[in-house]
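Read through the structure below, which is laid out as structure tokens, and then see the notes.
The values are calculated or read from the model by the stated rules, or taken from the named source; none is laboratory data. This is a predicted model, so every value here is computed, not measured. No Cβ is skipped: glycine too gets one built from the backbone with ideal geometry, and neighbour counts run over all protein chains shown.
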Amino acid sequence: MDLEEFGQIGVSSRSRRKCLLGVTITLVEDSLSASEALRLMAVASGARMRRADRLMSAERHLALYRPTVVIVDLGLPDGSGLDLIAGLAEMSDPRPGLIAFSGGDLAEWQEDAMAAGADAVLPKPVGSLDAFQKVVLSVLPDREDRATSVTTIGSMRSILPPKVRRDDLAHALQLLDTAAEEDGGEALLYASQFIASLAVMIEDNGLQVEAGRLLATAPEVGAADSAVSRLRGLIEDRLKQETARIDASNCA
């Protein structure tokens, strides 16, 4: 997928400060749900954001352009975001501010991210506009001249359109199919990590529990069969629900 530039959205400007005005952000993230959440926060703060869904497209873009900030998900379909962070950290000044972005237990990945060269970390899900702004501001050279907003956006699930959730759920099923075809632990491990992250973003506790069970057994493909079956059933159920919401809104 080529780099995608997010368009503007209709967000009320009342009680909002454009504290990131003029900031350009490259987001390297494979999940549409996580990307949409950060897009809303970036636009509400006055920043421009472009997204790459894998390392290859990100590296192609970053070879030509120098954004102000790069936010990198650590688990990507074609490699580890840590490698991209490490490469960018070696760039001559001025280099972009580097933010590692991931879910799960912060203690399990923060040290590795900072050792790779990240300037800050942003845990998934990002609970408020203020939290997003503070992390991005922390990597900007002119941060002291900017003011944060006091506005919150609300829960991640409430701000994500049903189509975004549906597309990510459909992609999760494709990842499980690919893992079954390849009969390999790496594909299954990536699928389980993607689904676990998605479950956190859309605030689905049931899906998060089953994704966690798959993560625990993913290296052993045979042992993961029952976990895959349960998880597939949940995703298919959620997919039907999101499709119904989209159909209902189209008929309204």
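Things worth noting here:
- Tallying residues that are in a loop (DSSP other than H, G, I, E, B) and out of contact with any helix residue (DSSP H, G or I) (no Cβ under 9 Å at 6 or more places or on another chain) within the stretch 54-67 yields 5.
- Lone qualifier among Leu40, Leu20, Leu88 - being buried (at least 19 other Cβ atoms within 10 Å of the Cβ) and in a loop (DSSP other than H, G, I, E, B): Leu20
- The condition of being among the polar types (S, T, N, Q) and at pLDDT 90 or above holds for only one of Gln193, Gln110, Gln208, that being Gln110.
- Within the stretch 46-56, being touching a residue at least 40 places away in the same chain (Cβ under 8 Å) and touching a Lys or Arg at 6+ places or on another chain (Cβ under 9 Å) holds for Ala47, Met49, Arg51, Ala52.
- Pick from the stretch 169-217, criterion under 17 Å from the mean Cα position of the chain (by Cα) and outside any helix (DSSP H, G or I), ranking: surrounded by the fewest Cβ atoms within 10 Å (Cβ to Cβ): Glu203
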